[in-house]
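J.: Provided herewith is a single structure, encoded as structure tokens, for subsequent inquiry.
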Amino acid sequence: MVDAANNTPATAAVAIIAISNGSPPGASNPVNALGAPVRQYLQKSLQNALQDQSITSIVLIGRPDGKGVFSAGADIKEFSGSNSDSGGVTTSEPGGIPTLNDLAHLIEGASKPIVAALTGACLGGGMELALAAQYRVANDTLKYGLPEVKIGLIPGAGGTQRLPRLCGVRHALDVIVRGRINGTVQEGLKFGLLDGVVSKEETVLECALRWATWASSLPPITLESRRLCCRTVPPDGEGIENKDMCAFALQSLPPKEKGGESAHACLESIQASFGLPSFDEGMETEKNLFNDLLYHSLQGRAYRHIFFAERSSSSSSSSRRKQAPGDQLGKGKGVIGVIGAGTMGRGIAIAFLRAGFGPVILVDVNPKGLKAGVQYIESTLQNEAKKGRLTKSKLNGILPLLESSTNLSKLAGCDLVVEAAFENLKVKREIFSKLNTIVQKREALILSNTSTLDVDAIASSLSPGRRPFCAGMHFFSPAHIMKLVEVVRGVDTSPETLSVIRAITKRIKKVPVVVGNCDGFVGNRMIHPYTTESTLLLVDYGGGKAGLGISDVDAAIGPKFFGMAVGPFVMSDIAGNDIGYNIRREKGIIRDPKTGEVGPNRKEIRYTELADDMVEKMGRVGQKARKGWYNYDPKVGKGRKPLPSSEMQSLIDKYSMNSSQGGKKLNYEEIVHRVLFPLVNEGFKILEEGIASDPSDIDIIYLYGYGWPAWRGGPMFWADNYVGLPKILGELEKFHHMHPGSEYFRPSKLLRECVGIGLGVQEYYNSGSVKTLKSE
């Protein structure tokens, strides 16, 4: 065996080339990303091995010991989206650096058999190199896939041409168009991706060496038949025409204009594999589609923006920090306490149980509520096991870890406590005051799931020595499903605590974003102008059949037009309209239902009592009451389908009757501007104040917390790239002139600054200009 890169004389006939050896000394590359140095190493190693007459075959492996991953694909950091950088996939680079396509062609055209030994992640460009090899073997750690569609691209190094030729169009559609990353050894054998798997007595390297030795003994003409470029796409095993399968797949794709550009390109490139006369023509089609998406697709840029933003928000701001006492929690170890067995507490407990933490102790002073919470948790986990999301053995291991009590003293030994009690500052401060003496570990994390309240006011109930270990951990409902967690930084919260909470959040398979402490933090603060203006639009333009209706606003903002998961009124009905009502009451804004006096803090703000009346006088609190902005029938759509309400229409007629613009429809674009521009403006103000540290953090919050369409990249990306900041500024100035009582229309200083110097807000932050603004 030989290290082919160094051209060491071979004492055996098989050269072993390990992808991991291509990373520069000291560089961290745990996933064997195929960056420029790795590609250069692979090219040199392959060329040396092919030229060495003593070598008869080659094994391509992830690491020399056969452990870890094969390769997770191209180094996505190389994708700049400029007109000269294809991430080393299709376009040649200066200095003779090979592309992934160059390597794939070198491997496929090799004069000696190459065996790819697959372990762990074999994704994207890594899988494309494996497809170019003449033979593929694996162990049971293999997870293969081609997920490029999820970052707005298609496989660009032959994946759309070789996979259909090897495994058929059916499997190619499944892997490529869906962007799967979980292909197994069993699937690989079934569909012909793999030639062999390791036996119980051998390692993956030994298996690959066995195959390589055998392949080298075959007649040279055998190599020709193993090259996928020489094959045609096989007919489907179930007798369905390949073109018909593609036509069927087309029906399930999102429209091109609503995030489907890359999925449609994947399908088109797969069709080229059997619809064009030659492999080379198919490769040319793939290359053109890949480059078009990379250089010209705004959707693709949005998807890649989200990819990087998520990784940035989840990473610690400092690569070097002292060992934090709670680091064991980031490894999934520790005793967890959850206070409150309601909707949020139940979901939080499930998230920690799934991740293997335990015991998880659920505490609620209400015995009936506690019992209901435990039953919900157990039934939810059991249903997940029935659906195959949990193995039976894991379920049996999880359920005993759930403990419950009506007494806070049960939490004495906890490493972490999440308070998810009623959203009332007095209640939360009382709980924290008790935890201060109950929790024995002085460095235990004591966190609040508050969605709007002052984290510092809550933390003030703790002794000064505990406050560095206190923060907000704001889950989104339902907490066991929604991926987002806002990690709220208090004035005393230590950097180590924030790092540990980030690690915990990732451990429970959620996305953490660190935010500052203010009313509503980031997500709910920005949602206020969004929901407020949506309601005021009904008062300004509603009334009768001709006027703007509830469903018109939801249609403009929801999937039908803009692309949010749901519109503002459906969202409010799902969350509960009483939540917003209670917040307005706490803020002293609503009219006192007993005295009839207007709240002391309403002042001169533009306001309507429409949403107050529907809750206070009509009990229309949302889906849970089967009536909110819409009606809900348990016999229709399982009680979740919004149905028009004549009662609500009458209420809108009442409040809009004196509007000079009542009875007028706005088009969808006008609604989007009125509702989303103030939301974006609030995002600028949040950045101004340092509540969010980067525009991309806001984008992640809205993607995972509020159903923002990924192909639009998040509110701040959308503002920069889809709309343009000058237009937003101009419209906000117009709206503020029309409605001076709506402070959310007043343009932020940061927005004016960006427009004045001609930079988008993300570019402004990337350039370092934000430091200048904050110093001023």
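J.: So if I place +1 on the C-beta of Lys and Arg and -1 on the C-beta of Asp and Glu, and nothing else carries charge, what would the dipole magnitude of the chain be about its Cα centre? I want it in debye, nearest 20.
T.: 2200
J.: Apply 1/(1 + (r/R0)^6) to the Cβ-Cβ distance of ALA457 and ARG311, taking R0 = 30 Å, and write down the FRET efficiency to the nearest 0.05.
T.: It comes to 0.35.
J.: Quick one: if you take sqrt(5λ) for each eigenvalue of the C-alpha gyration tensor of the stretch 548-675, what semi-axes come out, biggest first, whole angstrom?
T.: Values for the stretch 548-675, descending: 24, 20, 14 Å.
J.: Points 7 angstrom from Cα along the Cβ direction at ASN658 and VAL723: gap in nanometres?
T.: 3.1
J.: Given a 1.4 angstrom probe, what's the average accessible area per residue across the stretch 501-560, in square angstrom?
T.: 28
J.: Counting only other residues whose beta carbon sits under 14 Å from that of GLU261, what net charge do I get with K and R as +1, D and E as -1?
T.: +2
J.: Let me ask another. Which residues does a label at SER252 reach in the stretch 196-240, if reach means a backbone N under 19 Å from a point 7 Å past the Cα toward the Cβ?
T.: Residues 236-240 qualify, since their backbone N sits under 19 Å from the label point.
J.: Which loop-located trypsin sites (Lys or Arg not before Pro) does the stretch 488-556 contain, where loop means any DSSP state but H, G, I, E or B and the Cβ has at most 12 other Cβ atoms within 10 Å?
T.: When the trypsin sites (Lys or Arg not before Pro) of the stretch 488-556 are filtered for loop state and at most 12 Cβ neighbours within 10 Å, LYS509, LYS545 remain.
J.: What pairs in LYS727/LYS749; LYS143/LYS506; LYS150/LYS386; LYS150/LYS256 have C-alpha atoms more than 22 Å from each other?
T.: Pairs exceeding the cut-off: LYS150/LYS386.
J.: To continue, here is another question. Over what distance in Å are the Cα centres of the stretch 273-314 and the stretch 188-239 separated?
T.: When both Cα centres are located, 29 Å separates them.
J.: Given the -39500 (n - 2.57) contribution per DSSP H run of 4+ residues, what per-residue ellipticity at 222 nm results for the chain, rounded to the nearest 500 deg cm²/dmol?
T.: Only helices count here, giving -13000 deg cm²/dmol.
J.: Relative to the present Cα-Cα distance, how much length would full extension add between ARG640 and GLU763 at 0.36 nm per residue of separation?
T.: Value of the extension gain: 40.1 nm.
J.: How large a share of the accessible area of the stretch 183-316, in percent, is made up of carbon and sulfur atoms when the probe is 1.4 Å and the other protein chains stay in place?
T.: It is 56 percent, rounded to a whole number.
J.: LYS603 to LYS749: FRET efficiency via 1/(1 + (r/R0)^6), r the Cβ-Cβ distance, R0 25 Å, to the nearest 0.05?
T.: 0.65
J.: For the pair ASN424/THR391, report the inter-label distance in nm, with labels modelled 7 Å from Cα in the Cβ direction.
T.: 4.6
J.: Let me ask something else. Work from the charge dipole of the stretch 655-776 (Cβ charges, +1 for Lys and Arg, -1 for Asp and Glu, about the Cα centre) and give the residue of ASN721, MET657, TYR704 farthest towards its positive end.
T.: Value computed over the given set: MET657.
J.: ASP292 versus GLN375, label points 7 Å from Cα toward the beta carbon: distance in nm?
T.: Distance between the two pseudo-spin positions: 5.7 nm.
J.: Report the gain in length on full extension from ASP633 to CYS230: 0.36 nm times residue separation, minus Cα-Cα distance, nm rounded to one decimal.
T.: Taking 0.36 nm per residue and subtracting the Cα distance, the gain is 139.1 nm.
J.: Among the lysines, which have Cα under 20 Å from the Cα of LYS434 when same-chain residues fewer than 8 positions away are ignored?
T.: Reachable lysines: LYS410, LYS426.
J.: Could you compute the FRET efficiency for GLN51 and SER217, with r as their C-beta to C-beta distance and R0 at 25 Å, rounded to 0.05?
T.: 0.75
The values are calculated or read from the model by the stated rules, or taken from the named source; none is laboratory data. Worth saying up front: this structure is predicted, and the values here are computed from it rather than measured. Methodologically, a virtual Cβ is constructed for each residue, glycine included, from the backbone with ideal geometry; neighbour enumeration extends over all protein chains shown. Ligands, DNA and RNA are stripped out before the accessible areas are found, and what is left, the full protein with its side chains, is counted by its heavy atoms. Shrake-Rupley method; radii C 1.70, N 1.55, O 1.52, S 1.80 Å.
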